[in-house]
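Let me begin by presenting the structure, written as structure tokens, before commenting on it.
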Amino acid sequence: MTEKIKTLIAGDSPALLDQVGAYADRIEIVTPAQIEAQPDLLGQVEIAYGWLGGDQLAKATRLRWLQTGGAGVEGLIPHVQTADLILTNARGVGAAPITEHMFGMLLMVTRRLAQAWDRQKTRQWNGDGLGDQVGLLFGKTLGVLGVGAIGGHSAEVGKAFGMRVVGLRRGGGAHPAVEKMYTPGERAAFLAECDVVMNTLPLTGATRGFLGRAEFAALRPSAILVNTGRGGTVNTDALMESLRSGRLAAALLDVTDPEPLPPDYPLWTMENVYLTPHYSGSRPDYGECADAIFLDNLRRYLAGRPLINVVDKREGY
Ligand code: OXD
């Protein structure tokens, strides 16, 4: 009898375990509790769905495929770069929620909704400083920084708002919702066009500190930055300087560097900064969507077919 493929599944969704159970003739499910009770078992695992720390990865010597439940894998890359294993992620699941989150934050600022809501709390029916200070997305230029699954969806939504959409992506390849695509080497020209920059970049060696002093200087005065990619793609000191100087009208951040933001950090209290604690990718059906990617990939793995959502370990995303 051939040995079953030991598959570590971090979650405990009964629906997922049931569906993996359908392959019981080939797969043996291993749970985190079993690994805790018997750490050597990790060395026999071939497939893992979830997140493994560096120490665990060092012990998982027979691991051939790791599927993560999220999109960002920067914490895994140093541990798996040279390993003989395929890394796949859950990219795509965050496209709709992150886009909705970015436009939600943006509209909150341009429509002065936070200020209106503050007045509601004290029963003030007073439009001064609200209607006379609103902005308009219609007709403005949206710059999508990183046109992957999230950026592509944001570009489509921006277009539906009547925005002109420009983009920047590594290969410079076209996207139907993006009027003009730039490459990283053309970032100054890209930024000079943008009224709003939506940053969805992953954190890699090439994107760390991608927006620094020179980039903020290249932006249109009174541009707005939305960041739901990774905090480390932005130089925070340069960001704060450009907010203080008024060069940047507002920063809407779901991710920060450092993250979590220490309680005494100046970003907390800057007037033109709006923060959400890294939850833009959340959606009510997140688990089911990520599980569907794993199950699709599991079928492919068992059939010897190529997996989807494969991370380029050299590029880091
Ligand atoms: C992710 C995230 O990496 O939500 O999936 O940040």
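The values are calculated or read from the model by the stated rules, or taken from the named source; none is laboratory data. Every value quoted in this text rests on a predicted model; they were computed, and no experiment measured them. A quick note on method: Cβ atoms are made from the backbone with ideal geometry, for glycine too, and the neighbour counts reach across all protein chains shown. Surface accessibility is based on the protein's heavy atoms, side chains included, excluding ligands, DNA and RNA. Shrake-Rupley method; radii C 1.70, N 1.55, O 1.52, S 1.80 Å.
How many percent of Cα pairs in the stretch 191-317 exceed 17 Å? Write down the numbers at each step before the final one.
Working: 5123 of 8001 pairs.
Looking at the stretch 191-317, the distances longer than 17 Å represent 64 percent of pairs.
Based on Cβ point charges of +1 for Lys and Arg and -1 for Asp and Glu, what charge dipole magnitude is obtained for the stretch 14-104 about its Cα centre, in debye rounded to the nearest 20?
Values: 5 positive and 10 negative charges, 37 e Å.
The calculated dipole for the stretch 14-104 is roughly 180 debye.
In straight Cα distance, which lysines are under 21 Å from LYS6, not counting same-chain residues fewer than 8 positions off?
By straight Cα distance, LYS6 reaches LYS59.
How are the alpha carbon pair distances in the stretch 117-230 distributed across 10 Å bins from zero to the largest one, expressed in percent?
Per 10 Å bin, starting at 0, the Cα pair percentages come out as 14, 42, 25, 13, 6, 0.
Bin width 5 Å, origin at 0, all Cα-Cα pairs of the stretch 1-45: what percent of pairs per bin?
So the P(r) values, bin by bin, are 5, 22, 29, 23, 16, 4.
Placing unit charges on C-beta atoms (Lys and Arg positive, Asp and Glu negative, everything else neutral), compute the dipole magnitude of the chain about its Cα centre in debye, rounded to 20.
The dipole of the chain has a size of about 780 debye.
Taking only protein heavy atoms and a 1.4 Å probe, what accessible area per residue, in Å², does the stretch 109-235 have with all protein chains in place? Each step should come with its number before you reach the end.
Numbers: 6050 Å² over 127 residues.
Ligands and nucleic acids excluded, the figure is 48 Å² per residue.
Check the straight Cα-Cα distances from LYS159 and name the lysines below 23 Å, setting aside those fewer than 8 residues away within the same chain.
Leaving aside lysines fewer than 8 places away in the same chain, those within reach of LYS159 are LYS140, LYS180.
What percent of all Cα-Cα pairs in the stretch 101-164 falls into each 10 Å bin, going from 0 up to the bin containing the maximum distance?
So the P(r) values, bin by bin, are 20, 41, 24, 13, 1.
Kindly state, to the nearest 0.05, the FRET efficiency for GLU179 paired with LYS4, given R0 = 51 Å and r defined as their beta-carbon distance.
Working: r = 52 Å, r/R0 = 1.03.
Taking R0 as 51 Å, the efficiency between GLU179 and LYS4 is 0.45.
Give the carbon-plus-sulfur fraction of the accessible surface of the chain in %, rounded to a whole number; probe 1.4 Å, heavy atoms of protein chains only. Each step should come with its number before you reach the end.
Numbers: 8470 of 15660 Å².
Taking all protein chains in place, the chain shows 54 percent carbon and sulfur surface.
Quick one: net charge around LEU16, please, counting Lys, Arg +1 and Asp, Glu -1 for every other residue with C-beta under 9 Å from its C-beta.
Once all neighbours under 9 Å are counted, the net charge is -4.
For a protection proxy built on the mean count of beta-carbon atoms within 10 angstrom, sort 54-60, 251-257 highest first, please.
Values: 54-60: 15.7, 251-257: 23.1.
With the highest mean Cβ count within 10 Å placed first, the list reads 251-257, 54-60.
How much of the pair distance distribution for the chain lies past 26 Å, counting alpha-carbon pairs only, in percent?
Details: 26199 of 50086 pairs.
Looking at the chain, the distances longer than 26 Å represent 52 percent of pairs.
Express the C-alpha Rg of the stretch 1-136 as a ratio against the empirical globular expectation 2.2 N^0.38 Å, rounded to two decimals.
On the way: Rg = 23.7 Å, N = 136, 2.2 N^0.38 = 14.2 Å.
In units of the 2.2 N^0.38 Å rule of thumb, it is 1.67.
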